[in-house]
Amino acid sequence: MSINILIIEDEVDIREGISEYLSEVGYEVKVASDGQEGIDLFRQNKFDLVLLDINMKGMSGVQLAKEIRKQDKDILIIFITAEVEHALEGYNVSALNYLLKPVEEDALF
């Protein structure tokens with residue numbers, strides 16, 4: 001059984017880097033560049049994990065996590081952030097953990 005991961009990240013290099021690495025090691029990955037695209041993909045697919053940028057233009061990662069939780073209260077969410085202080089906001093919406101930018105490959109496991 002394959003693990004399906006949704007990456008919602010507005011920085012192209014980070015989004016593509018994480019996606020490429022996770023795909024190479026065998027995960028099924030879909031990507032979104034903003035909150036609306038991310039919520040649309042989430043509604044159309046079944047995911048096991050969401051990697052979510054906490055600080056995006058438009059809909060923030062925290063707002064998006066709340067919307068995702070309305071669809072699936074048990075989904076695993078890990079925030080991606082450049083600042084640890086922002087990661088603390090994620091725990092208010094039951095984020096599992098956070099990754100600091102730039103995301104290193106060894107941080108993904």
With a 1.4 angstrom probe the carbon and sulfur portion of accessible area for the range 9-52, in percent, totals 41 percent
Under the rule rounded for a/c under 1.5, else prolate if a/b exceeds b/c, else oblate, using alpha carbon gyration tensor axes a ≥ b ≥ c, the range 1-81 is classed as oblate
Sorting LYS70, LYS101, LYS30 on solvent-accessible surface, 1.4 Å probe, most exposed first, gives LYS70, LYS30, LYS101
In debye to the nearest 20, the charge dipole size for the range 1-89, taken about the Cα centre with +1 at each Lys and Arg Cβ and -1 at each Asp and Glu Cβ, equals 520 debye
Between GLU20 and GLN44, the two model label points (7 Å from Cα along the beta-carbon direction) sit apart by a distance in nm of 2.5 nm
When every protein chain stays in place and a 1.4 Å probe is rolled, VAL50, VAL12, VAL62 sorted by accessible area with the largest first are VAL12, VAL62, VAL50
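The values are calculated or read from the model by the stated rules, or taken from the named source; none is laboratory data. No experiment lies behind these values; they were computed from the predicted model shown. For neighbour counting, all protein chains shown are included, and Cβ atoms are generated from backbone atoms with ideal geometry for every residue, glycine included. Keep in mind that these areas ignore ligands, DNA and RNA; they rest on the heavy atoms of the full protein, side chains included. Shrake-Rupley method; radii C 1.70, N 1.55, O 1.52, S 1.80 Å.
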